[in-house]
Amino acid sequence: MKRCSPLWRNRYDSKPRGVRGGSSGVLTQFGRQGFVMMKAIHYGWVIVGVGVLVKMTGLGFGRFAYPMLLPNMRESLGFTYGEMGLLSGAIMLGYLLFSLISGMLATRFGPKRIVIASLLCGALSMHFISRLSGFPSLLFFSFAMGAGAAGSHISITTLPMVWFEEKRLGRAVGVVTGGTGLGIIVTGLLLPYLLFQLGKEAWRQCWFLLALITFLVAVIGWILLREKPNQTAFLPPGLGGDKRSDLSKRESHELTLKAIFIIYFIFGFSYNIYATYFVAYMIGEIRLTAKTAGDIWAIFGWMCTGSGLIWGYLSDRLGRRKALLWNNGIISLSVLLPLLLYEPFIMGFSAFLFGGTFLGTVTVVAASVGDQIGERRASVYGLVTLIHGIGQFLGTISGGYLKDLTGSFQLTFIVSLTGFLLCLVLTAINKKG
């Protein structure tokens, strides 16, 4: 019996051992290269799948579970709304400070180590929050939970960037980004049920459960995550064409890094106004019931899950700048509609459009950073996220101040709309070349 040539035989051999004829040799060579490509890309999607779980627990639980548990915690602990606001602020402060720090650490030590360390930090913080009652200790672990959320978010967003070439990167980052929406949905469905069933101290069991899930994801990440692929060439020679030539054609139409910083800051300012005050606007000024407003807001959560993938795919096909133009246009429409029309259907359609575009911007910005930055991509993305977070913080404060000043949310949402339109204009006029 003749021995077939091994798959790792030199790709430049014209007739591998065990193969007769030139055409058969070509087919064998093509099959071998296809096998290598499929293997590399296949494990890249494993990285993406773990990334969804990391985003769900690290960011979805670490930053967005707290509002669901706030009323139960306040009643149980006897805290004032001011004290609960300080706990929320500690989460945001930890997230902002460690957005930059975790990016630098990921560049120095590798994103996998920072992902695992951040998830463990988040899990331990949730566990201690479930056990403690004193305000100073809860304040400290709220800060630590926010820091863990930043570390896992920055590192897992940049990790797929070494596994995918540019024309597939948007889709990969988009799927990972959808984990945040999944976390919002899981907490929105699971926590109210547990709070209703378990009584006054239910918030403690909820935090413990979230800590356990986060710890399990950290173990999964430790087992499955890899820093970089074994094969660095994702397309076999001769099948992908001149990639550098294709990239140079696209780069002349993409955003500059300076424009990305400015646009992402304004986006953070504008989107957090809508995200923070839209439900209050529907209940307080449109006079919808709390249940109807909650159902409408649930549409936002469901749309977030798939929006990253959709816009990531579009940015791969159209280019980052064109995708961001469409994204900014649609999200501007989502804010304009509730200013002009007050029917519940219009409110739901606004939430549908906003949820379908919000994480799209996050995905396109992350992919743009991955396109332009090399080894220091985690540090740069951390800085981008820090600036974005400062915009969110200022947007929340400004929106509340304008409401108190005017007695209405109209001016608040006009400012949000103006910010999105400014993003649209800056995206249109800023490009390389």
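The values are calculated or read from the model by the stated rules, or taken from the named source; none is laboratory data. Bear in mind that the values here come from a model prediction, so they are computed numbers and not experimental data. Note: ideal-geometry Cβ built from the backbone for every residue, glycine included; neighbour counts use all protein chains shown. Heavy atoms of the whole protein, side chains included, go into the accessibility calculation; ligands, DNA and RNA do not. Shrake-Rupley method; radii C 1.70, N 1.55, O 1.52, S 1.80 Å.
Size check on the range 79-236: the Cα extents along the three principal axes, sorted descending, read 60, 31, 24 Å. For the peptides 71-80, 416-425, 392-401, residues were scored by their other Cβ atoms within 10 Å and the scores averaged per peptide; the highest-first order is 416-425, 392-401, 71-80. Legend: Rg and Dmax of the range 328-433, from Cα coordinates, 16.1, 50 Å.
So, by mean Cβ neighbours within 10 angstrom, what's the order for 167-179, 85-97 with the highest one leading? Display every interim value, and only then the final one.
Details: 167-179: 26.1, 85-97: 19.2.
The most tightly packed comes first, giving 167-179, 85-97.
Electrostatic tally near W222: other residues with Cβ closer than 10 Å to its Cβ, Lys and Arg +1, Asp and Glu -1, net +2. When all alpha-carbon pairs of the range 95-177 are counted, what percent fall beyond 22 Å? When all Cα pairs of the range 95-177 are counted, 34 percent exceed 22 Å. With a simple spin-label model that places each label point 7 Å from the Cα along the Cα-to-Cβ direction, the separation between R317 and V219 comes to 4.1 nm.
For the set K200, K403, the ranking by accessible area, highest first and with no ligand, DNA or RNA atoms included, is K200, K403 under a 1.4 Å probe.
With a probe of 1.4 Å, find how much accessible area the range 66-129 has per residue, and write the answer as a whole number in Å². List each step's numbers first, then the result.
Values: 2870 Å² over 64 residues.
Ligands and nucleic acids excluded, the result is 45 Å² per residue.
Sort I273, I283 from largest to smallest accessible area, using a 1.4 Å probe on the heavy atoms of the protein chains.
On the way: I273 0, I283 65 Å².
Sorted descending by solvent-accessible area, the residues read I283, I273.
Computed from backbone phi with θ = phi - 60° and the Karplus coefficients 6.51, -1.76 and 1.60, the 3J(HN,Hα) list for the range 318-325 is 8, x, 4, 5, 5, 4, 5, 4 Hz; x is used for glycine and proline. Ligands, DNA and RNA aside, F352 has an accessible area near 90 Å² when probed at 1.4 Å.
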